[in-house]
Amino acid sequence: MSVNPEATELEQEKIIPTMCASHCGGSCLLKVHVKGGVITRIETDDGAEPQIRGCWRGRSYRQRVYAPDRILYPLKRVGARGEGKFERISWDEALTATANEIKRVRDTYGPASIIFVPMGGDLGIIHGAHLFDRLLCMAGGHTRTWGVTSFGQGMFSSLATYGTIHCSNSRDDLLNTRFVLMWGFDPGKCINGPNTAWYLAQVRDKGVRIVSIDPRLGDTAAAVSDQWVAIRPSTDAAMAIAMAYVIVSENLQDQAFIDKYTVGFDKYRDYLLGKEDGVAKTPAWAERITGVPAETTASLARQYATIKPAALLAGIGPGRTAVGEMFHRAVAVLAAITGNVGVHGGDAAARAWESLIGGLPYKVLPIVTRVMPSTSNPVERGFPVAQNTLPTYRGPRVHYNKVADAILRGKAGGYYSDYKMLFTANCNYLNAMPNSNKIIEALKKVESIIMVEQFMTTSAKYADIILPTNTYMERNDYTPGASTWFHGIQNKIIEPLGESRSHFDIATALADKMGITGYNDKTEAQWLQQILTMAEVKDVDKLKRDGILRIERDEPYVAFKDFIEDPQKNQLSTASGKIEIYSQTMAAWNNPKLPPVPQWVEPFETLTDPLAKKYPLQLITPHGKRRALGQFETLPWLKELMPEMVWLSIADAKARGIRDGDMIKVFNDRGVIMLPVKVTRRMMPGVVQVESGAWHNFDENGVDRGGNANTLLGDDLSIGGHFPYNTCLVEVQKVEEEQ
Amino acid sequence: MQLAFSFDQTRCVGCYTCGVACKDWHDIPAGPAHWRRVSHMEEGEFPNPFVAYLSAACNHCVNPICATVCPATAITKREQDGVVLVDQQKCREAAHCGIISGYEVGPAPTMGERRSPCQVTCPAHLKVPGYIALISKGLFDEALDLIRVNMPLPSVCGRICTHPCETVCKRQDLDEPIAISALRRFAADNATNHVSPMPVPRTKQGKVAIIGSGPAGLAAAYDLVRMGYGVTVFEALPVAGGMLAVGIPDYRLPKDILKREIDYIAGLGVEIKTNSPIGSAFTLHELAQQGYGATFIATGCHRSIKPDVPGTELSGTLDGVSFLRDLNLGKQVKVGEKVAVIGGGNVAIDAVRTALRLGAKEAFIVYRRTRKEMPATDEEIKQAEEEGVKFNYRLVPTRIVGVNGKVTGLECASVRSIRSGKQGKASVSIVDGSERVLAADTVIFAIGQAPDLDFVKAIGGLKLTERGTIEVDPVTMETSRPGIFAGGDAVSGAATAIEAIAAGQRAASHIRKFIEGEVVSGERPATEIRGSDIKVKIPADIVSAPRQVARTLPVDGRLVSFGEVTAGFDREAAMAEASRCLNCAGSLCRDACPYGVPQFGAEENAKMQMCNFCVDRLAENKLPVCVGSCPTRALDSGPVEEMRAKHGDGKEAAGHAFYWVTEAPTVVKPKDGFQVVPNVRK
């Protein structure tokens, strides 16, 4: 990053605020110093508390903007797919080639053969992957994907139990709680809304007991929790069910609350007491599944039921398992039977992350708001419209996780179409989706690949044409606060680097090139104005000047408070209008894998699987600390501070003669990764942790030395059709080679 | 006013935002420099581990030691706010802050990692240039603090060390090496802070049994107790100190000096049980039953090897080790009028000089090699010569001659050649017909020692080497039995005190790993550069200055008592001697700082870097960037008094401004890993 010395002399340093929204789980205020058109430093909120302080990712964004591996010019592939050989082409060539290819595939194979995969990336309302969805719809249609990678199981359960995905309290309400149960929850690392870890530290300072349930002792738990309960991955539902058993059998439930606000308690009690299957779901029953001592489960159940109000913070990790839907159902029901829903200091326990997509019951537009809405997709015409409801039927859509499978098998494999073109935006698909080797096969097979990208990611190496998009520091946008009451604006800090363009510019130019009329009739500034009007931003100048505009309110927001105050007037959107311990919708499916009350359903690929003889360790793949999903991977500051390590328990290391710092292989039938190991007492024996999102680096033997967890994960879906990122069996072995 | 940082350990989630923000604000590239560092510690056992993150930056000390040692006065403390600043212009532009060329050192270490030949050569890697610089400035307490970082017995070591550091000292290329050992002794004798240490808080569950209270055992105990473990030392003899107590005569190492140092170690919390021989008083099995998680065997080499000549059964033959031990334990020890001592090591010299002090009219040494090859230090030999000891070189005993069962002489022959054999066993050929009898009524043999390991056989399971020493993994010091470690002379055979200390330290670090359940076996040794490989080019403008000579007792006064012969430097001589140090490696600030704050980039002649409290922000009334970045508000800064009022009373380390973590911590060695009172909130 060189600074023009003359410009530096002339130009004063400016400080421009913006709202970081890197799909990390938060969105925070950054104050960016610019001199001579170059970003020199980044500060964060230094105003009145609660400040919205940026984390290590936002603070290192300067290195991301100026990273040497950013793509600054349109590229055309000249080597083999995956080889990473490209040549620079002009925008006109790139857009023409893209337009022609879309038309060719559409006209030759039909529009459904174009499969479009969007993801988050830099989150803004104007500049998003959705622009290309609209474009492809207007160009004749395309195949969409369905499924929620981050928290599908949590959404499923929220909809089944509460009829909505907006189930979270605002974070400051944590200060009202008297007991915290963090279940697979690590906001110090995953942010989960700005200031969450800070509020937990304050809660702890007040003497509130905090317990963490997790196969590994996370960073936040290490700092704030009083107790760590280690649990086998994929078995959390069994523990929650056994807690309910203790509460019910010891009559600790809030019966008045249950009677007034819920339906189906009796059916659940019958299940718990074993009236259906003859098996009482006691803590001793659960211990055999979870590895958690029965007395610990029982004690936690009593504490949770009797210390009020109590906040059960259900992280999304335990949900991202083969039976994660039942975990989320079971904990939400725990909150309901103890009367912790809709009260200050409680928590509906639906899903602990008040994310950008759900749980924004404020006057802040959620990120899914679209100023340029998707028009109707010709491919989906005639199929039932996909509702924001329990996932049952998605017409011609392909599940996110099955894109590779769909490309490989097409109609013959039962899919709606054969798929010939892969179009991605903001999506490092190979990196983000399970079963890498299968995806590579598909990426080599599909006829054409177009990508809208910022970086030369592992996926980008397979693209035929790369359309370089810029970062949020190079454009104007609006972004909402996650879990926090504010509007955020992304002011343009610098001119786009190289020839990179904003999403908006790329999509508009491509629409022009394809001759699509009516695609866009406004400028970026006009769209921004429209959003600010929609969001009812009163003081636009202040928002632009400060980067943030807080929304005044009298008290912390609590989800379902209105329902609790008047359940008749403010009925829930469930079939019964109440909290559904027994889900009528699910009952109608009559699917033994998706029972209407929370039940223990045997997951695949856990210790009870015969495969465990060969691969005896359970793999969990939580978010990578130095990354936001796959982003930030190559930043030198972060790389050096947070080296990529497999976490392994001391017991498992000893049994295999592995020392701390050794290079080890983690492998199963799907693939092999190689990384150094951190032998730690923070891991439960029998469990291995590989942080997700590392970029692949396959060697000549097909061993992934980049250490991407997806090389090991399978692409089977959970019982409700979601991503079981934390259900996987592996073995580890010391690598005896290169000193 | 003094500004300070406050850090609440219980709030740190180890996210590194402070570090990234610091790098961004000060535009520090990826690389070795981290002004605001975060370290992770974990201990205990699953499922109840103790885990904590700690953040460290410059403490902006009240009396910054870095400023004191900087030869360029590049480090200053601002009066208005107590912020310590580095003048980048001055740093390393002053002459002679580091004269090693990075390109000549071999496996080129970076500037920040450079070590002087003395420090590299010292088995315990004492920070020699650092404490010498402090002595040269008259900061004897600080010098002793720095020595103590990795030296459990500073006064003792200052007296009896064989100082391999001086052998490689580059000053000798100009005139004479620095008197490193004597300076260390001076600091230890003249500092005021060597009494009544605070006991180290017991922060760890585990406890360790150490068998033998010699330098290896004491060194391991010293390190382990500072790590927070319970440590019990079992000593067979009635006095602690091992060979230091019973192998070295008072005129070299006065008993009160040794006692003072052992008392210091005991004061840290080490329990020392004398009259507790293993095998009779207790067994290893019992130790395990009593909850000792690991055992360190450091029983030394207390058995003299007998020469393979006829006549050793005669009355009047003594072995050197027993002779010195009996004397040191206050037993009646008698020698005749003419005393012959066989051997050329320190034990031989100690025995012959002791014999003179016990009334022998004549005492002489019989040694099979030349003076140059004698293992005893030059200083020892010189003092013995001054005292009238005669040295017979290249002479080997062939027979002890006696009449009526009593020694009357020692028959010797001239050595023609010596061929070294396996395991130090040499074969000597003599000049035919050169045998002659030297008159003597006492013959003391001091030709070598072996471990007295009868107990080892009793325990069983411990493998021995062919030499009869205990076999250990050379890196981890673990014996063939898991959890039983060994070191010192019992493993190496008779060697020096400083080697034993180094062995004890190495064992301690692996004992920690063993107790904490980490995998200790199979580690590879780190490759180290040798002190003699380090090339130093002495700048032309250095003026030759002779080595200061320590005062010694006049010869005629020595033999009438066991009073200490070497009196050591006086203040002026010590400071003058310390000023001779060339400071080969430079970066004294880094060595002297007990918190490891000063940092250097990777490039040649990198300037010192450290936290500057974001003085540019201070001027605008903004917080240091790390403080303003912390997501959980674990960091805070402001005037010390304000911090104390806001966050409660914290630990104030000597000379340091303010460093607060929730429960008062004991910060022992920040550079090598913090040690703190666990943040247990019950």
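Points worth noting:
- Chain A, relative contact order in percent, only Cα pairs under 8 angstrom and at least six apart counted: 20
- Summarising the amide proton neighbourhood of B:R399: residues at separation of 5 or more, or on other chains, whose placed amide H is nearer than 5 Å comprise B:E411.
- Solvent-accessible area, 1.4 Å probe, carbon plus sulfur percent, for chain B: 52
- For the stretch A:169-353, the mean projected area of the C-alpha convex hull, equal to one quarter of the hull surface, is 9.3 nm².
- Solvent exposure ordering (accessible area, 1.4 Å, most first) of A:Y582, A:Y429: A:Y582, A:Y429
- Taking every alpha-carbon pair under 8 Å whose residues sit at least 6 apart, the stretch A:610-734 reaches a relative contact order of 36 percent.
- Once C-alpha pairs closer than 8 Å and six or more residues apart are averaged by separation and normalised to the residue number of the stretch A:80-178, the relative contact order reads 19 percent.
- Residue-wise HN-Hα coupling along the stretch A:622-638, computed from phi with Karplus coefficients 6.51, -1.76, 1.60 (Hz; x: Gly, Pro): x, 4, x, 5, 7, 10, 10, 6, x, 7, 6, 4, 9, 6, x, 4, 6
- For q = 0.16, 0.20 Å⁻¹, Debye-computed log10 I/I(0) when each Cα of the stretch A:144-258 counts as one equal scatterer: -0.97, -1.39
- Principal semi-axes in Å for the stretch A:610-734 [√(5λ), Cα gyration tensor, largest first]: 20, 19, 14
- Each principal axis of the Cα cloud of the stretch B:156-229 was taken in turn, and the coordinate range along them, longest first, works out to 53, 27, 19 Å.
- Accessible area in square angstrom per residue, the stretch A:13-65, 1.4 angstrom probe: 22
- Stretching the chain fully between B:V62 and B:N605 yields a gain of 192.7 nm (0.36 nm per residue, less the alpha carbon separation).
- Our coupling estimate for the stretch B:137-143, obtained by passing each phi through the Karplus curve with A = 6.51, B = -1.76, C = 1.60 and θ = phi - 60°, is 9, x, 9, 6, 4, 5, 4 Hz, Gly and Pro reported as x.
- ³J(HN,Hα) computed for each position of the stretch A:270-283 - Karplus, 6.51 cos²θ - 1.76 cosθ + 1.60, integer Hz, glycine/proline x: 4, 5, 4, 7, x, 6, 8, 10, x, 10, 6, 8, 6, x
- Calculated mean residue ellipticity at 222 nm for the protein assembly as shown: -8000 deg cm²/dmol, from DSSP H runs with n ≥ 4 weighted as -39500 (n - 2.57), summed, divided by the residue count and rounded to 500.
- Note on the protein assembly as shown: dipole from Cβ charges, positive end direction compared against B:M374, A:I42, B:A540; the farthest Cα belongs to B:M374.
- Cα pair distances of the protein assembly as shown binned at 20 Å [whole percent]: 9, 32, 31, 18, 8, 2, 0
- Cα-projected label distance for A:K206 with B:M198, points at 7 Å along beta-carbon direction, nm: 3.4
- Expressed as a fraction of 2.2 N^0.38 Å, the C-alpha radius of gyration for chain B is 1.04.
- Low-density loop positions, chymotrypsin sites (Phe, Trp or Tyr not before Pro), the stretch A:453-560 - DSSP coil, at most 16 other Cβ in 10 Å: none
- Cα principal axis extents for the stretch B:396-496, largest first, Å: 54, 33, 22
- Two-site label geometry, A:A612 and B:K372: point separation in nm, points 7 Å out along Cα→Cβ: 7.3
- Efficiency of FRET from Cβ geometry, A:K593 and A:R104, R₀ 45 Å, rounded to 0.05: 0.60
- A:G693 long-range amide H proximity, modeled H, under 5 Å: A:A709, A:N710
- Within-12-Å neighbourhood charge of A:G291 [Cβ basis; K, R +1; D, E -1]: 0
- The simple Förster model, with R0 at 35 Å and r as the Cβ-Cβ distance, assigns B:K255 and B:R481 a FRET efficiency of 0.50.
- Taking every lysine pair in the stretch A:610-734 that is 8 or more places apart or spans two chains, those with Cα atoms closer than 19 Å amount to 15.
- FRET efficiency estimate (nearest 0.05) - Cβ-Cβ, B:E471 to B:S315, R0 56 angstrom: 0.90
- Cα gyration tensor category, rounded, prolate or oblate, for the stretch A:389-500 with a/c compared to 1.5: oblate
- Aspartates and glutamates whose Cα lies under 18 Å from that of B:K331, excluding same-chain neighbours fewer than 8 positions away: B:D250, B:D319, B:D350
- Extended-chain gain in nm, criterion 0.36 nm per residue less alpha-carbon gap, B:E620 and B:D432: 58.5 nm
- Whether chain A is rounded, prolate or oblate, judged on the alpha carbon gyration tensor where a/c under 1.5 counts as rounded: rounded
- In this simple spin-label model, placing a label point 7 Å from the Cα along the Cα-to-Cβ direction at both A:T306 and A:K14 gives a separation of 6.3 nm.
- The 1.4 Å probe gives accessible areas that order B:I529, A:I548, largest first, as B:I529, A:I548.
- Cα shape, the stretch A:13-65, gyration tensor, a/c 1.5 rule: oblate
- Qualifying trypsin sites (Lys or Arg not before Pro) in the stretch B:307-394, DSSP loop, other Cβ atoms within 10 Å at most 13: B:K331, B:K334, B:K361
- Loop-located GluC sites (Glu not before Pro) in the stretch A:68-121 (DSSP state not H, G, I, E or B) with no more than 12 neighbouring Cβ atoms inside 10 Å: A:E83.
- Loop sites here are trypsin sites (Lys or Arg not before Pro) outside DSSP states H, G, I, E and B with no more than 13 other Cβ atoms within 10 Å. The longest part of chain A free of them is A:382-537.
The values are calculated or read from the model by the stated rules, or taken from the named source; none is laboratory data. Keep in mind that this is a model prediction, so the values were computed, not measured. Positions of Cβ are generated from backbone atoms using ideal geometry, with glycine treated the same way; all protein chains shown enter the neighbour counts. We work out accessible area using only protein heavy atoms, side chains counted, and drop any ligands, DNA or RNA first. Shrake-Rupley method; radii C 1.70, N 1.55, O 1.52, S 1.80 Å.
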